[in-house]
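Notes for the one structure printed next.
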Amino acid sequence: MLKHRGFPGRLPGTDFQFTIRRANVKEGATPLVARERFKDRRTPDRRADEAFIAALWEHFGDEPFERGNLDAGRLSWLFGREVVAAEDPFDPRSYEALLRIDVRRARLSYPDVFWDAEISDEDDSDWDEDDA
């Protein structure tokens, strides 16, 4: 399991975990699943999501990254929306699975984090003026 050096371990002052210390050798990695986020989520939970996506953006940018020691629970709140699979086939139970930030979607969800992010033409390929 790759350990992302320099990545914050948790949201400061809270118990919201961003990384894990060691791989689960016995049962394997916890699978990533897209968790549904409801509008009535608590403010601390929303802050943790925003801080986590900001850390991902700062650490990896728009490049693919290995799941490694990133916390499956925290990733699952963003998975399938702001964080997507970067390989096909994708193994949600693998520590080596490649992910990437969907910059366009993340920018819509977390504008304060991505206020200066440029969207490439590649990310903009299915954009219609009607979507604006």
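Nothing in this text is a laboratory measurement; each read-out follows from the coordinates by a stated rule. Keep in mind that what you see is a predicted model, and the values were worked out from it rather than measured. All Cβ positions, glycine included, derive from the backbone under ideal geometry; neighbour counts span all protein chains shown.
Per residue of the chain, the DSSP helices (runs of n ≥ 4 H) give a summed -39500 (n - 2.57) that works out to -6500 deg cm²/dmol at 222 nm.
The ranking of T14, T19 by Cβ neighbour count inside 10 Å, starting from the fewest, reads T14, T19. Each of L75, L2 was scored by other Cβ atoms within 10 Å of its Cβ. Listed from fewest to most, they are L2, L75.
Amide hydrogen proximity for G80: with H placed 1.01 Å from N in the peptide plane, the residues at 5 or more positions away or on another chain lying under 5 Å are A85. Positive contributions from Lys and Arg (+1) and negative ones from Asp and Glu (-1), summed over other residues with Cβ under 12 Å from the Cβ of F60, come out at -2.
Here are several values of Cα Rg over 2.2 N^0.38 Å: (i) 2.68; (ii) 1.06; (iii) 1.16. Which one was derived from the coordinates shown? Computed from the coordinates, Cα Rg over 2.2 N^0.38 Å corresponds to (ii). Comparing Cα centroids, segment 46-68 and segment 81-98 end up 14 angstrom apart.
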